[in-house]
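K.L.:
Sharing a structure below in structure tokens format, with a few things to ask.
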Amino acid sequence: MDKHAYQLEITEVLDIFKTDGDSGLESSDADKRHEEQGPNALEEKKGKSTLKMVIEQIADFMIIILIIASALSIIVGELIDGIVILLIVVLNAILGVTQEKKAGEALAALKKLSAPKAKVIRNGSIQVVDAPELVTGDVVKLEAGDYVPADVRLIEAVNLKIDESALTGESVPVDKVCESIADVSVVGDRLNMGHMSTVVTYGRGTGVVTSIGMGTEIGKIATLLSEEEDSKTPLQEKLTGFGKMLGIACLVIGIIIIILGLVREDPLLLTFMTAISLAVAAIPEGMPAVVTVVLAIGVTRMVKRNVIMKNLSAVETLGSTTVICSDKTGTLTQNKMTVTHIFYDNKDWTPGNEEEKEALTRLIEAAVLCNDSVVSEDGTIVGEPTENALAELGISYGIDHKAFKSANKRVDEFPFDSSRKMMSTMHESEDDYVMYTKGALDNLLQHCSHILTGNGVGSLDEGMKQALLEQNSLYAENALRVLGLAYKEVSANADPVEEEKEGLVYCGMVGMIDPPRDEAKDAIQVCKKAGMRAIMITGDHIVTASAIARELGIIESSEQALEGKAIDGMSDEALSGKVAVTNVFARVSPEHKVRIVDAFKRNGEIAAMTGDGVNDAPALKRADIGVAMGITGTDVSKEAADMVLTDDNFASIVAAVEEGRIIYSNIRKFVSYLLSCNIGEILVIFVAMLIGWPVPLLPIQILWINLLTDSLPAFALGLEEGEKDIMNFPPRDPKEPIANKKMRISMAYQSIALAIAVLSAYRLGFYLSSSGDSDTDLAVARTLCFAALILGEMFRAYSARSENHSLFRMKIFSNKFLNLSVLGATAMLMLVIYVPFLQPFFNTVYIPPYYIGIIIGFSLLPMLAGELAKLHSR
């Protein structure tokens, strides 16, 4: 088929699909087509098996190094060490697989959107069939409340309106027609098509099925989702790179130790044990667990700020976001049409600031009575968005809808239709009969002969009409949807069809729009202050989108707005250049949204995408972080996103950005804390070997420090409230490693100071013991070394609370979790030194309590070095 279905005449459509508009397909023909075409359903991509997920978890470079270290530990007789390391591997694999199984349910949610039943004409009669049974050429009937079961070319449309907001992002239901459309157009402009999973809100229609299943517009979105692979967040990539670096360091250190041992002719078993000790020292075994727990706690904290994070690692990604690509409808706007301008008596007014005149009274009466919306007892308004806005206008003027409509009983009506674009209703009030009419202003004025002004009813001449049309154009240029209102006093037996033709009295017009959220403008200003660009990407018209964007402060001129059809002819390189200067993308398709997000990512941006519709799902999944709306969002968008806003409030994104920055800052704090300890351990063992001293720390002691003693303060650092000025800085460079220059300087200061302190305590142990028994002296020295390392870490944790601010300018003990963790770690140290049955497990011995007092002096050195590092950075 050379042309699209919407470009064809009805007769051509019926001919191509070999069907009849009145009698539909024969059942035998439908069955044959069903066998050839398959079900009218969305295909789901086959997920990964649990075994494959486990293998992918174990294939991580850092995990492989841990497994090798575990195997070597068991081989040389260090069974406890080997088992502990294996338990770490198993725990990480379980956590990873569990997290992965929760992801990737977007296609399942899409499938649920398919209409379960459809009314179809077969064998000349209407039948109700399961939607998956539909085939191309089927003739389906559509009524208000129905889901469109497949993509259909309309061959009949009687006052038909379809809500396509979930597919196109356009907030107002679309008036449908049957005429062919010559130009190739985006989905939102195909007025003679009905699309799968959209909802009929008004009228009725008939259509020929032109596409089913994956061939429909929603099927194309499903294809985009199934083809999109989950990408790693910046944090995951950095931690993976970090793991590789540490793994390589382990291998290099192990090889050096083995070579040194062979040169010194040390026993082979001792050489292997020393190599394992250094390998264990190089790997921060507790880091994966600390990262997971800190992220999980951050997620819990974000729930209180109306944000639900589905992906733990995505928490910090939002903190590094440079671009927020936001859908307009329901995200930046209220997703509710509202009257913002009233024009009567030749003046433009805003509701609540106008002069009380008869024209206003008549206009409000027309808005309320010529209206099918229903206002419930609790104030809820149910109906078509435009009429809901008029009903809301009446409420704002104190009208009780139920009482007012009861006092002005509707006795006849002439419903809206797409040809004349007007609606009229006739009402009885005591002994009077009045007909009220609303509609498109240009159509309405053709039937008006008089106008109501401050001086009463007068003639409406052509000059006046032209002035009113110019005002209509002015409203339209500002993206307002305009309706004119009129009335006519009639007799009891009047026919609205005839009365509407002439003699109407024009009383005014209203301009309405889906207005911006009150808090969105402030939130966008905060985003700018934090160095982020707010981008509007919408399926709505460019005039409407630009007007909202200007009001929000997203753009300053129309040159910063671009239509989707302009993107079609652009190369990826040209689009990358365009997104750098464009802040509004209007009338875009799902494919356009994905290309726009990709263009930002090619430019080195960290892109967040917000949205609530089915049409947003592919871009939500493709973005570095997808943000779905919890209230108005479809299940599809929620499943595809990394984050859901429970209040649909754009301002909550700003709160999430702040939280993300705090979490990343805290991750940096404890990564620096853990690594400087591990580097210190390596220096302690390596320097001791070079000097010719016995190995000062055994594998089990290092594991105890890495997994328990260090991990407790690290958890506490992850719970820091964050720097107060964290939103006053631009986003960090996404390419910047976790261990940037500033952190490396800090770690160097602290690691060297820690090594000096611990080696000094170790050497002091030999001097203090001097028992004459080398084994006893070594045990005392190792115990002092072990204690000095742990206490040094405890004091240093307080300095690690801030990367920039001096400890002595902070409230030192304000982090109660850190206080408890330091007390807990110190208590555990005392237990393994002074409880006899624990000593053999950790190769410790009793030492006089005053020894602890002596080594506290050494233990303060790393904390002071941390403060010097901050001074150096400043």
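The values are calculated or read from the model by the stated rules, or taken from the named source; none is laboratory data. Quantities reported herein were computed from a predicted structural model and do not represent experimental measurements. Here Cβ is always computed from backbone atoms with ideal geometry, including for glycine, and neighbour counts include all displayed protein chains. Surface accessibility is based on the protein's heavy atoms, side chains included, excluding ligands, DNA and RNA. Shrake-Rupley method; radii C 1.70, N 1.55, O 1.52, S 1.80 Å.
K.L.:
Mean shadow of the range 806-868, computed from the convex hull of its alpha carbons, in nm²?
P.N.:
Its average projected convex-hull area is 5.4 nm².
K.L.:
Let me check I have the definition right: for the range 159-216, take the eigenvalues of the Cα gyration tensor, multiply each by 5, take square roots. What are those semi-axes in whole Å, largest first?
P.N.:
Gyration-tensor ellipsoid for the range 159-216: 15, 14, 13 Å.
K.L.:
What FRET efficiency would be calculated for the residue pair Arg410, Ser571, taking the C-beta separation as r and a Förster radius of 35 Å, to the nearest 0.05?
P.N.:
After rounding to 0.05, the efficiency reads 0.05.
K.L.:
Grab the beta carbon distance between Ser27 and Tyr397, set R0 = 35 Å, and tell me the FRET efficiency rounded to 0.05.
P.N.:
With R0 = 35 Å, the Cβ-Cβ based efficiency is 0.05.
K.L.:
Then there's this: Could you tell me what % of all Cα pairs in the range 310-458 have separations over 19 Å?
P.N.:
Beyond 19 Å sits 63 percent of the P(r) for the range 310-458.
K.L.:
So for the chain, averaging the separation of alpha carbon pairs under 8 Å that are six or more residues apart and normalising by length, what relative contact order in percent results?
P.N.:
The normalised contact order for the chain reaches 12 percent.
K.L.:
From the P(r) of the range 768-827, can you give the percent of Cα pairs sitting at distances over 13 Å?
P.N.:
So the pairs more than 13 Å apart make up 68 percent of the total in the range 768-827.
K.L.:
Could you work out the percent of alpha carbon pairs in the range 535-620 separated by over 19 Å, rounded to a whole number?
P.N.:
32
K.L.:
What do you get when you divide the Cα radius of gyration of the range 667-721 by 2.2 N^0.38 Å, with N the number of residues?
P.N.:
1.31
K.L.:
Just the Cα atoms of the range 468-532: what Rg and Dmax do they give in Å?
P.N.:
Looking at the range 468-532, its Cα Rg and Dmax stand at 20.8, 67 Å.
K.L.:
Between Val158 and Leu820, take the C-beta separation as r, use R0 = 56 Å, and let me know the FRET efficiency to the nearest 0.05.
P.N.:
Taking R0 as 56 Å, the efficiency between Val158 and Leu820 is 0.20.
K.L.:
When ranked by the protection proxy of mean other Cβ atoms within 10 Å per residue, highest first, what sequence do the peptides 805-814, 333-342, 514-523, 745-754 form?
P.N.:
745-754, 333-342, 514-523, 805-814
K.L.:
A further question follows. Restricting to Cα pairs below 8 Å that are 6+ residues apart, what does the relative contact order work out to for the range 652-720? Please round to a whole percent.
P.N.:
Relative CO of the range 652-720 lands at 49 percent.
K.L.:
Hey, another quick one. Please state the equivalent ellipsoid semi-axes for the range 599-667: what are the square roots of 5 times the Cα gyration tensor eigenvalues, largest first, in whole Å?
P.N.:
Whole-Å semi-axes of the equivalent ellipsoid: 20, 17, 9.
K.L.:
Whole number in Å², please: accessible area per residue of the range 368-444, 1.4 Å probe, ligands, DNA and RNA not counted.
P.N.:
Result: 46 Å² per residue.
K.L.:
If you wrap a convex hull around the C-alpha atoms of the range 457-593 and split its volume per residue, what is the figure in Å³?
P.N.:
187
K.L.:
Mind checking the full-extension length gain between Asp442 and Asp266? Use 0.36 nm per residue of separation minus the Cα-Cα distance, one decimal, nm.
P.N.:
Value of the extension gain: 53.4 nm.
K.L.:
Take the Cα atoms of the range 409-521, build their convex hull, and give its volume per residue in Å³.
P.N.:
Considering the Cα atoms of the range 409-521, their hull volume per residue is 148 Å³.
K.L.:
Let me ask another. Please report, in cubic angstrom per residue, the volume enclosed by the convex hull of the alpha-carbon atoms of the range 720-874.
P.N.:
Hull volume normalised by residue count: 137 Å³.
K.L.:
Stokes-Einstein diffusion coefficient for the range 564-689 at 37 °C in a medium of 0.692 mPa s, Rh from the Kirkwood formula over Cα pairs: what value in µm²/s?
P.N.:
192
K.L.:
Starting from one equal scatterer on each C-alpha and no solvent at all, send me the Debye-based log10 I(q)/I(0) for the range 723-789 at q = 0.12, 0.15, 0.16 Å⁻¹, two decimals.
P.N.:
Here log10 of I(q) over I(0) equals -0.53, -0.63, -0.66.
K.L.:
I want to check the label-to-label distance for Ile691 and Lys811. Put each point 7 Å from Cα in the C-beta direction and report it in nm to one decimal.
P.N.:
For Ile691 paired with Lys811, the spin-label model returns 4.3 nm.
K.L.:
Expected output is a single nm value to one decimal: the length gained when fully extending between Val184 and Ala476, i.e. 0.36 nm times separation in residues minus the C-alpha distance. What is it?
P.N.:
102.6 nm
K.L.:
Using square roots of five times the C-alpha gyration tensor eigenvalues, list the equivalent-ellipsoid semi-axes of the chain in whole Å, biggest first.
P.N.:
Each semi-axis is √(5λ); the values are 71, 31, 21 Å.
K.L.:
Which entries in the list Lys238/Lys578; Lys438/Lys528; Lys117/Lys521; Lys3/Lys119; Lys119/Lys220 go over 32 Å, if you measure between the two C-alpha atoms of each?
P.N.:
Lys438/Lys528; Lys117/Lys521
K.L.:
What distance in nm separates the simple spin-label points at Asp461 and Thr300, each placed 7 Å from Cα in the Cβ direction?
P.N.:
So the label points at Asp461 and Thr300 sit 7.8 nm apart.
K.L.:
Given labels modelled 7 Å from the Cα in the Cβ direction, how far is it in nm from Ile631 to Ser491?
P.N.:
5.2
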